[in-house]
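Okay, structure first, notes after.
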């Protein structure tokens with residue numbers, strides 16, 4: 001079956017050889033160049049075998065419309081964003097389908113601030129795209145390509161400036177890292193070994209773009225990493241996704257601690273060792289993050305789901321740390337985007353400063369249990385279903401920020417319509433698995449009634 | 001209205017008709033035609049060439065082709081290399097003899113010649129249908145840079161020519177590659193053939209310091225200095241190294257028509273064989289062939305047609321009056337380095353100065369005129385010529401490619417260019433006034449029509 005091209009706030013995604021062609025990439029690059037105006041635009045990509053083909057199309061599109069492509073090469077998505085901001089470029093394009101399988105690829109568009117386009121700006125871009133009328137510059141105005149081979153240097157320098165590099169190096173931690181055959185395979189081993197002084201045991205560290213595990217860093221996909229941690233007596237295991245923005249952690253016993261807990265540990269370290277300030281997380285992030293923040297007396301602000309929504313909120317309220325429960329750590333003083341490298345550095349710093357093991361650190365944070373469910377609907381039914389839920393839970397003070405979210409203090413339940421499928425997603429979290437299942441089940445029942 | 005499509009390529013103005021989308025579709029069509037096999041890629045130094053290069057690489061990778069990237073490479077050198085790398089074809093990105101702002105994709109077949117019309121029509125059909133081969137992620141093509149093509153090329157050229165004689169003559173040679181694809185290779189040539197090199201406009205900047213079309217007008221820089229520098233010969237190239245015009249040691253810029261004539265005279269002296277040329281090349285070539293008692297075969301204008309006839313007729317040499325020559329025993333390309341080598345070889349073997357070689361040729365007065373005209377109207381303008389132009393009793397009319405009339409003293413030819421939006425009028429006669437008069441008559445009639 002033909003997979004449709006998916007055009008939305010997170011960029012343009014498609015299956016290469018199917019809906020995503022060089023012509024697609026060319027037109028969107030032309031539209032982006034027209035949208036941001038003449039000037040430098042940073043371009044980076046992950047390790048997917050289709051990346052080089054798309055990169056060339058993007059280069060041509062940018063040049064023809066008067067932009068100067070700054071090629072960062074195979075780098076993490078956060079590196080593209082950081083470089084865009086550092087170089088005061090007009091914008092940035094990351095060529096990556098993130099955690100989607102190998103056959104997918106995508107273009108993700110960044111503002112000159114180094115943040116992704118928000119919903120309104122993305123709509124403006126797509127308007128330009130749909131006009132299909134891109135001004136071209138004359139031959140004499142074409143700007144030559146610049147190859148920026150130090151892009152990752154910029155990124156790592158910022159990480160090092162943020163954390164106490166000496167303290168980390170002194171501990172000489174033993175670290176396993178699962179690079180998912182993605183950008184981490186190019187950069188993570190030298191980062192951990194050379195920059196942070198760890199002894200490194202890498203797995204899936206061939207940058208082939210042929211992902212040898214499911215690219216989402218979920219606990220069930222990390223068996224190889226867990227085994228590596230156990231076999232080598234590592235202090236910690238890190239798992240990245242193909243474009244290096246998300247991070248999951250395996251403790252010294254070889255057990256995944258859950259993606260939510262990555263963020264909880266990072267929040268703890270930033271608030272304890274760096275700066276106190278508000279924390280921003282999306283609605284579906286675990287209570288454990290909230291617990292860590294409240295324990296330290298800082299405010300917690302909830303945002304809509306989607307990285308750019310968290311990033312923008314953080315910048316607006318002056319948040320010092322936050323992110324998403326899927327393993328996306330954001331530290332705005334470093335850069336307001338998800339970044340597995342600052343994540344690794346901060347967690348290692350936490351271990352170095354406290355001298356504690358991952359399971360000790362994790363054990364100090366109360367456990368919550370999350371249940372996820374989805375219900376297939378007809379797309380147009382979604383608004384009415386959500387309205388009906390809002391009416392029924394009117395006395396529970398529901399948040400309407402993104403679907404419906406109800407906070408019960410020590411538990412919560414959330415329902416929203418998916419952006420990509422005709423389903424309603426239900427997430428519930430509570431102190432016990434039974435309570436979480438009960439909350440999700442209650443929502444499910446109400447939705448089924450409404451259908 | 002600047003886009004020109006032909007079976008062997010596409011040419012247009014950057015920022016106008018030659019959009020990246022058109023380039024990408026055309027390259028995708030060629031990649032589809034080749035079925036994702038091995039392909040060579042070369043480009044010149046024009047400002048727009050890297051951008052077009054990126055389009056072509058992306059398209060070819062998407063069709064699963066294995067791309068061997070020769071980087072900045074003269075078109076004839078690329079054509080020569082097709083067989084050596086066992087490629088199924090090649091693409092040359094070059095503005096050729098056109099001015100700033102122009103660029104083109106030239107498609108080359110597995111024999112190193114411009115893609116022949118049958119294959120080219122398949123590419124055009126695919127281009128128009130827009131239905132391209134699109135490989136999935138695990139069958140993407142690959143691209144690799146290649147720089148091993150230079151030595152074998154010059155090695156073959158050395159073997160083809162009497163290198164010993166050229167080296168012994170110790171020529172001082174001026175070369176002007178108009179800042180194009182040839183810049184990086186002039187030294188290799190000079191070293192192999194023991195020449196002392198004076199380069200002119202030889203920074204590979206893509207900036208055109210003169211007209212890119214080799215002819216006396218674009219040779220004026222070289223003509224003004226060659227005598228003072230005591231150069232033995234001056235060579236003025238197009239930016240793809242496919243065309244050449246000559247400047248003598250005395251500073252006379254020879255008409256580009258005589259490049260082919262000088263070389264044909266030399267080649268036929270050594271070995272007899274059929275000569276292939278287009279229907280609007282100087283009559284000097286016919287005279288030289290008659291002197292050597294060999295036949296001349298006339299074709300439509302353009303490298304593709306001349307090379308094709310060269311193969312069909314098993315000719316010994318082919319060329320055109322725009323300053324181009326091919327030897328089928330070397331390659332199926334109009335090749336500037338080969339032409340330069342042959343001229344030097346003629347000078348060395350005959351112990352002649354370049355001006356002597358030119359003086360030995362029967363010469364005519366030739367008048368060339370260009371009329372700007374949309375190609376959609378050009379053919380109509382030519383069609384009315386027989387009604388309005390009276391060739392007289394003796395005139396013989398010929399329609400091989402456009403309108404041609406032959407008289408005892410000369411000929412006139414008018415045709416629509418296949419690469420630009422112009423009508424070209426060429427008139428040649430023993431008598432300058434007659435040549436100019438006939439050209440004037442034809443130009444007036446066409447101007448009235450358009």
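The values are calculated or read from the model by the stated rules, or taken from the named source; none is laboratory data. It should be emphasised that the depicted structure is a prediction, and the values quoted were computed from it without experimental measurement. Glycine gets a Cβ as well: all are built from the backbone with ideal geometry, and neighbour counts include every protein chain shown.
Checking residue B:63 against (1) in contact (Cβ under 8 Å) with a residue 60 or more places away in the chain; (2) buried (at least 24 other Cβ atoms within 10 Å of the Cβ); (3) in contact with a strand residue (DSSP E or B) (Cβ under 7 Å, 6 or more places away or on another chain), only one condition comes out false. Which one?
(3)
Return yes when residue B:266 is in contact with a helix residue (DSSP H, G or I) (Cβ under 6 Å, 6 or more places away or on another chain), free of Cβ contacts under 8 Å to residues at least 40 places away in the same chain and not assigned by TED's automatic domain parsing to the domain that holds residue B:108 and no when it is not.
no
How about segment A:24-64: which of its residues are in a loop (DSSP other than H, G, I, E, B), in contact with a strand residue (DSSP E or B) (Cβ under 7 Å, 6 or more places away or on another chain) and either at the interface with chain B (Cβ under 9 Å from one of its Cβ atoms) or farther than 25 Å from residue A:207 by Cα (or both)?
Matches in segment A:24-64: A:38, A:48, A:50.
Quick one: would you say residue B:36 is surrounded by fewer than 24 Cβ atoms within 10 Å (Cβ to Cβ) and either within 19 Å of residue A:27 (Cβ to Cβ) or in contact (Cβ under 8 Å) with a residue 24 or more places away in the chain (or both)? Break it down into steps so the answer makes sense when it comes.
Details: surrounded by fewer than 24 Cβ atoms within 10 Å (Cβ to Cβ): yes; either within 19 Å of residue A:27 (Cβ to Cβ) or in contact (Cβ under 8 Å) with a residue 24 or more places away in the chain (or both): yes.
So residue B:36 fits the description; yes.
Limited to segment B:135-145, what total is found for residues that are touching a residue at least 60 places away in the same chain (Cβ under 8 Å) and more than 23 Å from residue B:9 (Cβ to Cβ)?
Taking segment B:135-145 as the starting set, the residues that turn out to be touching a residue at least 60 places away in the same chain (Cβ under 8 Å) are B:135, B:139-145.
Pick out the ones that are also more than 23 Å from residue B:9 (Cβ to Cβ) and you get B:135, B:139-140, B:142, B:144-145.
Looking only at that region, the number is 6.
Does residue A:21 count as within 14 Å of chain B (Cβ to nearest Cβ) and within 26 Å of residue A:207 (Cα to Cα)?
Working: within 14 Å of chain B (Cβ to nearest Cβ): yes; within 26 Å of residue A:207 (Cα to Cα): yes.
So residue A:21 fits the description; yes.
Here's a check for you: in segment B:7-21, which residue that is touching a strand residue (DSSP E or B) at 6+ places or on another chain (Cβ under 7 Å) and within 17 Å of residue B:92 (Cβ to Cβ) is farthest from the other protein chains (Cβ to nearest Cβ)? Walk me through it before giving the result.
At the first step, the residues of segment B:7-21 found to be touching a strand residue (DSSP E or B) at 6+ places or on another chain (Cβ under 7 Å) are B:8-14, B:18.
Adding the requirement that they be within 17 Å of residue B:92 (Cβ to Cβ) leaves B:8-12, B:14, B:18.
On the way: B:8: 22, B:9: 18, B:10: 15, B:11: 13, B:12: 11, B:14: 4, B:18: 9 Å.
Within segment B:7-21, the match that is farthest from the other protein chains (Cβ to nearest Cβ) is B:8.
Among the listed residues B:369, B:363, identify the single one that is modelled with pLDDT of 85 or more and in a loop (DSSP other than H, G, I, E, B). Write out each step before concluding.
Details: B:369 fails: in a loop (DSSP other than H, G, I, E, B).
Answer to the selection: B:363.
Looking only at residues that are part of a strand (DSSP E or B) and in contact with a helix residue (DSSP H, G or I) (Cβ under 8 Å, 6 or more places away or on another chain) in segment B:171-190, which one is surrounded by the most Cβ atoms within 10 Å (Cβ to Cβ)? Show your work before the answer.
So the first thing to find is which residues in segment B:171-190 are part of a strand (DSSP E or B), and the list is B:172-176.
If we keep only those that are in contact with a helix residue (DSSP H, G or I) (Cβ under 8 Å, 6 or more places away or on another chain) too, we end up with B:173-176.
Working: B:173: 23, B:174: 22, B:175: 29, B:176: 26.
Of everything passing the filter in segment B:171-190, B:175 is surrounded by the most Cβ atoms within 10 Å (Cβ to Cβ).
Output yes when any residue across segment A:206-226 is within 18 Å of residue A:342 (Cβ to Cβ), assigned to a helix (DSSP H, G or I), assigned by TED's automatic domain parsing to the domain that holds residue A:318 and over 17 Å from the mean Cα position of the chain (by Cα), and no when none is.
Here is the first cut: in segment A:206-226, the ones within 18 Å of residue A:342 (Cβ to Cβ) are A:217.
This time we only want the ones that are assigned to a helix (DSSP H, G or I), so: none.
So far as segment A:206-226 goes, no, none of its residues is within 18 Å of residue A:342 (Cβ to Cβ), assigned to a helix (DSSP H, G or I), assigned by TED's automatic domain parsing to the domain that holds residue A:318 and over 17 Å from the mean Cα position of the chain (by Cα).
Please verify whether residue A:133 is in a loop (DSSP other than H, G, I, E, B), at pLDDT below 95, farther than 26 Å from residue A:203 by Cα and not assigned by TED's automatic domain parsing to the domain that holds residue A:248, treating the condition exactly as stated. It would help to see each step written out before you state the result.
Values: in a loop (DSSP other than H, G, I, E, B): yes; at pLDDT below 95: yes; farther than 26 Å from residue A:203 by Cα: yes; not assigned by TED's automatic domain parsing to the domain that holds residue A:248: yes.
Yes, satisfied.
Just a yes or no: is a residue in segment A:139-156 closer than 20 Å to residue A:358 by Cα and over 20 Å from the mean Cα position of the chain (by Cα)?
So the first thing to find is which residues in segment A:139-156 are closer than 20 Å to residue A:358 by Cα, and the list is none.
The answer is no; no qualifying residue exists.
If you go through segment B:312-333 one residue at a time, do you hit one that is assigned to a helix (DSSP H, G or I) and in contact (Cβ under 8 Å) with a residue 60 or more places away in the chain? Steps first, answer last, please.
Taking segment B:312-333 first, the residues assigned to a helix (DSSP H, G or I) are B:312.
Still in the running and in contact (Cβ under 8 Å) with a residue 60 or more places away in the chain: none.
So far as segment B:312-333 goes, no, none of its residues is assigned to a helix (DSSP H, G or I) and in contact (Cβ under 8 Å) with a residue 60 or more places away in the chain.
Working carefully through the options B:236, B:143, B:198, find the one that is outside any loop (DSSP other than H, G, I, E, B), within 14 Å of another protein chain (Cβ to nearest Cβ), surrounded by 17 or more Cβ atoms within 10 Å (Cβ to Cβ) and in contact with a helix residue (DSSP H, G or I) (Cβ under 9 Å, 6 or more places away or on another chain).
Working: B:236 fails: within 14 Å of another protein chain (Cβ to nearest Cβ); B:198 fails: within 14 Å of another protein chain (Cβ to nearest Cβ).
Result of the check over B:236, B:143, B:198: B:143.
Is segment B:322-336 home to any residue that is in contact with a strand residue (DSSP E or B) (Cβ under 6 Å, 6 or more places away or on another chain) and over 30 Å from residue B:195 (Cα atoms)?
Looking for residues that are in contact with a strand residue (DSSP E or B) (Cβ under 6 Å, 6 or more places away or on another chain) and over 30 Å from residue B:195 (Cα atoms), one finds none in segment B:322-336, hence no.
Anything in segment A:84-130 that is in a helix (DSSP H, G or I) and either within 14 Å of chain B (Cβ to nearest Cβ) or under 30 Å from residue A:211 (Cβ atoms) (or both)? List them, or say none. Don't jump to the end; show me each part of the working.
Going through segment A:84-130, the residues in a helix (DSSP H, G or I) turn out to be A:84-86, A:119-130.
Once the filter is applied, which keeps residues that are in a helix (DSSP H, G or I) and either within 14 Å of chain B (Cβ to nearest Cβ) or under 30 Å from residue A:211 (Cβ atoms) (or both), segment A:84-130 yields A:84, A:85, A:86, A:119, A:122, A:125, A:126, A:129.
When the residues of segment A:287-303 are narrowed to those that are touching a residue at least 24 places away in the same chain (Cβ under 8 Å) and not in a helix (DSSP H, G or I), which ends up nearest to the chain's Cα centre (by Cα)? Reasoning before the result, please.
Start the filter on segment A:287-303 by keeping residues that are touching a residue at least 24 places away in the same chain (Cβ under 8 Å), which leaves A:287-289, A:291-293, A:296, A:298, A:302-303.
With not in a helix (DSSP H, G or I) added as a condition, the list becomes A:296, A:298, A:302-303.
Values: A:296: 25, A:298: 24, A:302: 17, A:303: 15 Å.
The qualifying residue nearest to the chain's Cα centre (by Cα) is A:303.
Condition check: outside the structural domain of residue B:266 (by TED's automatic domain parsing), surrounded by 14 or more Cβ atoms within 10 Å (Cβ to Cβ) and within 21 Å of residue B:298 (Cα to Cα). Does residue B:404 satisfy that? Break it down into steps so the answer makes sense when it comes.
On the way: outside the structural domain of residue B:266 (by TED's automatic domain parsing): yes; surrounded by 14 or more Cβ atoms within 10 Å (Cβ to Cβ): yes; within 21 Å of residue B:298 (Cα to Cα): yes.
When the stated conditions are applied, residue B:404 passes them.
Can you tell me which residue is nearest to residue B:133 (Cα to Cα) among those in segment B:71-88 that are in contact with a strand residue (DSSP E or B) (Cβ under 7 Å, 6 or more places away or on another chain) and surrounded by 24 or more Cβ atoms within 10 Å (Cβ to Cβ)?
Per the criteria, the residue is B:87.
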